[in-house]
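Contents: one structure, followed by commentary.
The values are calculated or read from the model by the stated rules, or taken from the named source; none is laboratory data. Worth saying up front: this structure is predicted, and the values here are computed from it rather than measured. We place every Cβ from the backbone using ideal geometry, glycine too, and count neighbours over all the protein chains shown. Remember, those area values only see protein heavy atoms, side chains included, never the ligands or the DNA or RNA. Shrake-Rupley method; radii C 1.70, N 1.55, O 1.52, S 1.80 Å.
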Amino acid sequence: MVWQLVFNPWFSVLINRMPRGFFPTLRGLRQGNPLSPSLFILGAEVLSRLLNQLQLHPRFCGFKVHRACPPITHLGFMDDILIFSSASALSLKLLMETLARYESVSGQRINATKSGFMVHSTMPRGRRAAIQRITGFSQKVFHKNRLLSPGGKIVLIKHLLSSTPLHLLAGVSPPKSILATVERLFANFLWGIDEGESKHHWICWKDLCAAKEEGGVGLRSMADVVNAFSVKL
């Protein structure tokens, strides 16, 4: 059914305000097609399940975190995805095979020029070269915090970072100390970090949460956000 909806339309070109000839669609979805978001979600779900299955492979060594934390395979946002893996050659080959499998079944292609890998600064140069040879990606540096302007950081905190833990915090009734810790992380992100240490906070978080008419930037405290979310539920 979806295939018929995508490839059924025919087009005609207007020449001097008169239609001339007809030709079918051969490149899949057109821009603005309402089916595009739904099909993209289906494709992203397939890729997500393939990566989760890769974590169960006996010879795949994933990204190691604290033993009490669940294993992390990937994080997705819109059409970008961040995949976690160890730097072993076998794990990277299994990962690339999984991505190639997704390409073959979905018809999508990974843009190697826009993709990259990030490693710890202490990783040997030879290992970095091996990762680049296996994946075909170049090494990238994660410096998003430094590139964002103060206004951009405020927007990111207001619309993304503060909304990410809402469902969890609204369901567990966290103590005030947890909310204060989250707000401290937001504040450190806003003011930046220099040589591994947080920069001086020129305005306290409470004043930042005030309305713009009162000298703040319109941010809300985590307690107010969680309370408002609970009331809406």
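Tabulated results
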quantity: Candidate set: region 199-233, residues that are at pLDDT below 75 and not hydrophobic (A, V, I, L, M, F, W, C); chosen: the one surrounded by the fewest Cβ atoms within 10 Å (Cβ to Cβ); calculated: Lys232
quantity: Close pairs (6 angstrom Cβ cut-off, 6 or more residues apart or separate chains): free of Cβ contacts under 8 Å to residues at least 12 places away in the same chain in region 104-123, acidic (Asp, Glu) anywhere; calculated: Arg109/Glu103
quantity: Only one of Phe84, Phe77, Phe60 that is of a type in the set (Phe, Trp, Tyr), open to solvent by 100 Å² or more (accessible area, probe 1.4 Å) and either without any contact (Cβ under 8 Å) to a residue 60 or more places away in the chain or on the phi < 0 side of the Ramachandran plot (or both); calculated: Phe77
quantity: Single unsatisfied condition, Ser104 versus (1) on the phi < 0 side of the Ramachandran plot; (2) under 17 Å from the mean Cα position of the chain (by Cα); calculated: (2)
quantity: Scan of region 58-73 for residues that are of a type in the set (A, V, I, L, M, F, W, C), assigned to a loop (DSSP other than H, G, I, E, B) and within 21 Å of Val119 (Cβ to Cβ), ordered by number; calculated: Phe60, Cys61, Val65, Cys69
quantity: Selection count, region 109-152, where residues are farther than 20 Å from Leu92 by Cα and more than 16 Å from the chain's Cα centre (by Cα); calculated: 7
quantity: Filter result for the condition that a residue is open to solvent by 60 Å² or more (accessible area, probe 1.4 Å) and modelled with pLDDT of 90 or more, over Arg184, Arg127, Arg109, Arg146; calculated: Arg127
